[in-house]
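S.K.: Let me begin by handing over the structure; questions about it come next.
The values are calculated or read from the model by the stated rules, or taken from the named source; none is laboratory data. Everything quoted here is computed from the prediction, not taken from an experiment. Methodologically, a virtual Cβ is constructed for each residue, glycine included, from the backbone with ideal geometry; neighbour enumeration extends over all protein chains shown.
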């Protein structure tokens, strides 16, 4: 028994070292919401089921605060597995900060939307570079650059890989290994002038947030991890 315990301990140490060398830090443990804080604008939107983060029931935001409550990132690579359901809408914010209610004022949003009526689909840097799949009769939204596609790059009821990367002034988004957005924030960028009603869309530093959008929307997240970049 002692030998077995010793071998198990060594294996655990080796695994921890491999994680450290790899550079990735797990943000969601699949068991509970440790390290996260919901603003509870609508209570109960964020729950953990079968090792997955379920987001359902209305508008609220879940902010990553970390073990000490002060999580903050500047240059990073964030990876998640995400699953939409028919008509759902969600998003992942970065360089944001906790707020009690409303859509986060600070930071950028990476859209999660396969079939919701909002034409801005998964892979959009919301309001800045929009991956648009317009329904019949829909008009293009105001503000930002538009990339028209027949369908969203994600499908309902299927897990997809979402990678969000920030290096200096460059933001890169990819869905299932395909780059959807490359945006270099211009010098002197003033989102209040460039965008419609989104003055906080600006690089700085901050944390991540996951969005609950509306009462009919249900999305799922798992395997959320970050690698800090120089």
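S.K.: I need the full set of residues from region 120-135 which are closer than 23 Å to residue 193 by Cβ and in a loop (DSSP other than H, G, I, E, B), in order please.
M.R.: Across region 120-135, the qualifying residues are 124, 126, 127, 128.
S.K.: Another question, if that's okay. Among the residues of region 144-166, are any more than 24 Å from residue 222 (Cα to Cα), in a loop (DSSP other than H, G, I, E, B) and at pLDDT below 95?
M.R.: yes
S.K.: On to the next question. Just to be sure I understand, how many residues within region 186-207 are surrounded by 13 or more Cβ atoms within 10 Å (Cβ to Cβ) and within 19 Å of the chain's Cα centre (by Cα)?
M.R.: Residues meeting the conditions: 8.
S.K.: Out of 128, 112, 42, 92, report the one residue that is farther than 22 Å from residue 170 by Cβ, surrounded by 15 or more Cβ atoms within 10 Å (Cβ to Cβ) and either at pLDDT 95 or above or more than 18 Å from the chain's Cα centre (by Cα) (or both). Reasoning before the result, please.
M.R.: Numbers: 128 fails: farther than 22 Å from residue 170 by Cβ; 112 fails: farther than 22 Å from residue 170 by Cβ; 92 fails: farther than 22 Å from residue 170 by Cβ.
Checking each option against the conditions leaves just 42.
This table checks each residue for (1) touching a helix residue (DSSP H, G or I) at 6+ places or on another chain (Cβ under 6 Å); (2) touching a residue at least 12 places away in the same chain (Cβ under 8 Å); (3) assigned to a strand (DSSP E or B).
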residue: 53; (1), (2), (3): no, yes, yes
residue: 67; (1), (2), (3): no, yes, no
residue: 70; (1), (2), (3): no, no, no
residue: 77; (1), (2), (3): no, yes, yes
residue: 91; (1), (2), (3): no, yes, yes
residue: 94; (1), (2), (3): no, yes, yes
residue: 102; (1), (2), (3): no, yes, no
residue: 111; (1), (2), (3): no, yes, yes
residue: 137; (1), (2), (3): no, no, no
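S.K.: When you check residue 22 against the structure, is it at pLDDT below 95 and over 20 Å from residue 175 (Cα atoms), yes or no?
M.R.: On the way: at pLDDT below 95: yes; over 20 Å from residue 175 (Cα atoms): yes.
Criteria met by residue 22.
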